[in-house]
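*Asks:* Sharing a structure here in structure tokens format.
Every number here is computed from the coordinates shown, using simple stated rules; none is lab data. As the structure is a prediction and not an experimental result, all values here were calculated from the model. Cβ sites come from the backbone with ideal geometry, for glycine too, and all protein chains shown count toward neighbours.
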Amino acid sequence: MKSLTTICAGILALLTPTMALPQPLPLDLHTADPTKVGYLDFYWKTEDESVYLALSNNSNPLDFRPINGGKPVVSPTLGTKAVRDVSIVEGVGRDKGKYWLIGTDLDIDTTNWDKATRTGSRAIFIWESRDLIHWTNERLVTVEDETAGMVWAPDAIWDPKAGKYLVHWASRFYAANDPNHTGNPTTTDIIRYAHTSDFKTFTKPQTYIDHETSTIIDLSILRVDDNTFVRFYVSGKVSGPVVEVSRNGLFGDWVTPSGTIQDSTHFEGPYPFWDNVQPGKAYLLCDKVGSVTGLSPWVSTDVTSGTFTPASGGNLGALRHGSVLSVTKQQYDALAALG
């Protein structure tokens, strides 16, 4: 009898170049990952809208310490030359080992919030890396047409059904006969999305969430498995982040669970991430709104219940709305060596 290896090799040899193998899917992220020893936080500062890094380890995931001597690893040179709401995207399948960093093109010090929603940037900042230290190929990719007033807080997640990355952001739109966007908008702030395979070209954007009478911004999605997802966003209907759960995919039926994010009034920019050690445990970081800004943490051991309680033991300092990536020992050591 031929060995399994020989049989598999024969099958692969019969595949034509046009018959692409299916993209491997990520593991269920709610299980513990023994290959990861820590967490890397990507953030920006109120006084300097560049990208900074902070590390924590498995012993205290929320004890983030700035690295690289407190200096930024990315300083934008395009657009407004300022980036906010940075999000790290990890490559899946054949992209394994590749990372993209995306963010909002906005320098609020040179404008005001009204103008930023009328004549703001319609592009997403994008950088790429293979070692999480050196970021190259800076670009601004325009994702909305001229009727959009802005593109805010982009984030992305692997869409297993599409076999591509689903990139989403918040936009507000104006009438086509109002090119200067001086009149009333035709929509509130809504969530839009497009698919991409390379973060260079994107499909035509479509609307993902529209509450019509209330604003929606700062969407972030946590994958439980290929069918179950938990999403977080900020809505004009309530004073804190919203939690919704779908058990039939990213475009499934989203329902509001019975649990809540406790004591989260006046917080925005929610970002969830899994614990590396304890299965089913996840954290949520949210950014305080108002004169005193900065991240605060929550924790849950049942994310689909929607219940998140304030977490203790963190050192989040002046970190702002960003994202977190679990890292291996090799990555952790290389990042820690930056000082």
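*Asks:* Which entries of LYS161/LYS281; LYS45/LYS98; LYS36/LYS164; LYS45/LYS329; LYS45/LYS71 show an alpha-carbon separation above 20 angstrom in the structure shown?
*Replies:* LYS161/LYS281; LYS45/LYS98; LYS36/LYS164; LYS45/LYS329
*Asks:* Could you sort 219-230, 172-183 so that the peptide with the highest average Cβ count within 10 Å comes first and the rest follow in order?
*Replies:* 219-230, 172-183
*Asks:* What ³J(HN,Hα) values, in whole Hz, does the Karplus curve 6.51 cos²θ - 1.76 cosθ + 1.60 give for region 38-52 when θ = phi - 60°, with x put for Gly and Pro?
*Replies:* Per residue, the Karplus-derived 3J(HN,Hα) values read x, 9, 10, 9, 9, 8, 10, 10, 4, 7, 8, 7, 10, 9, 10 Hz.
*Asks:* Using the Karplus equation 6.51 cos²θ - 1.76 cosθ + 1.60 (θ = phi - 60°), what ³J(HN,Hα) coupling, rounded to whole Hz, does each residue of region 232-248 give in order, writing x for Gly and Pro?
*Replies:* In residue order, the calculated couplings are 10, 7, 10, 10, x, 6, 10, 9, x, x, 9, 10, 9, 10, 10, 10, 9 Hz.
*Asks:* Moving on to the next point. Amide H to amide H, which residues 5 or more places from VAL224 or on other chains are under 5 Å from it, using H placed in the peptide plane?
*Replies:* Amide H neighbours of VAL224, under 5 Å, 5+ apart: PHE229, VAL230.
*Asks:* Quick one: what are the phi-derived ³J(HN,Hα) couplings along region 151-161, Karplus 6.51/-1.76/1.60 with θ = phi - 60°, whole Hz, x for glycine and proline?
*Replies:* Coupling constants for region 151-161: 10, 10, 6, x, 8, 8, 8, 5, 9, x, 6 Hz.
*Asks:* So what is the 222 nm mean residue ellipticity for the chain from helices alone, if each DSSP H run of at least 4 adds -39500 (n - 2.57) and you divide by all residues, rounding to the nearest 500 deg cm²/dmol?
*Replies:* -2000 deg cm²/dmol
*Asks:* What does the extension gain come out to for ILE108 and LYS200, with contour length at 0.36 nm per residue minus their alpha carbon separation?
*Replies:* Numbers: separation 92, 0.36 × 92 = 33.12 nm, distance 2.60 nm.
Difference between extended and current length: 30.5 nm.
*Asks:* Amide H to amide H, which residues 5 or more places from LEU338 or on other chains are under 5 Å from it, using H placed in the peptide plane?
*Replies:* Under 5 Å from the amide H of LEU338 lie the amide H atoms of ASN68, each far enough along the sequence or on another chain.
*Asks:* Under 5 Å between amide H atoms, partner at least 5 residues away or on a different chain: which partners does ASP63 have, H built in plane at 1.01 Å?
*Replies:* Amide H to amide H, under 5 Å and 5 or more residues apart or across chains, ASP63 pairs with ASN57, ASN315.
*Asks:* Can you tell which of TRP274, LEU335, LEU53 lies farthest toward the positive end of the dipole of the chain, using +1 and -1 charges on the Cβ of basic and acidic side chains (Lys, Arg; Asp, Glu)?
*Replies:* It is LEU335.
*Asks:* Return a whole-number percent for the relative contact order of the chain, with Cα pairs under 8 Å and 6 or more residues apart as the contact set.
*Replies:* Once divided by the residue count of the chain, the mean separation gives 18 percent.
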